[in-house]
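Encoded as structure tokens, the structure appears first; notes follow it.
No lab work stands behind these numbers, since they all come straight from the coordinates. Please read all numbers here as calculations on a predicted model, not as lab measurements. Every residue, glycine as well, gets a Cβ built from its backbone with ideal geometry; the counts of neighbours run over all protein chains shown.
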Amino acid sequence: MELKTFSDYQKKALETNTYPDDKGLLLVAIGLGEEFGELVEKLYQNRDLYIVTENPINGCHFQINMDKKAELIELIKKEIGDVFWYLAMNIYYLNVENDFIICTAETNNLDIDIFSYCFSGAYFKYLGLIKKRFRDNLKNDKKCKCFLKYLYANLLAICCLFNFNIKEVLELNIKKLADRKKRGKIQGNGDNR
């Protein structure tokens, strides 16, 4: 499977979507936050797997503990893939153009706390827009898309930080979900179902 664009990924991801059209946007908007929370939880639970050192110029510098890198990579890759899936589904249900580009962000310094706060703030603003969409029947697609692009850029930065190939993360996610679908395990709980 060759993914050239995020739209290609979205088309494959849609094959594993089981949400009903009438509630889809609401459910995937909530799911995006849930998966982001799981990603942050993995980052914080596994702080011993990476090293944060002080950098007098820009604050913190983040380095992977190379002895435990393989363990961390698998945990984080799976969670990032799940966040990307929910992001793709939000784009789909909003019915906005998917012109998101698969690229590499330029960063080698990213404080996990700052990432968490920035992502959380943008996500909560996005949820507010979704609430107004349902409550007030307010079409705010441009604003929603702007927040989704901001969340997407943050995910790209995390991929860069861990030196992840974004296409590989997306392909791994599709493979995992296709396997779950084949086994009838799309719905349910747990990373290893």
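Relative to the current alpha-carbon distance between residue 27 and residue 44, full extension at 0.36 nm per residue lengthens the span by 3.6 nm.
Working from label points 7 Å from Cα in the Cα-to-Cβ sense, the residue 167 to residue 149 distance is 2.4 nm.
Packing order of peptides 161-168, 74-81, 87-94, highest average first: 87-94, 74-81, 161-168 (average count of other Cβ atoms within 10 Å over each peptide's residues).
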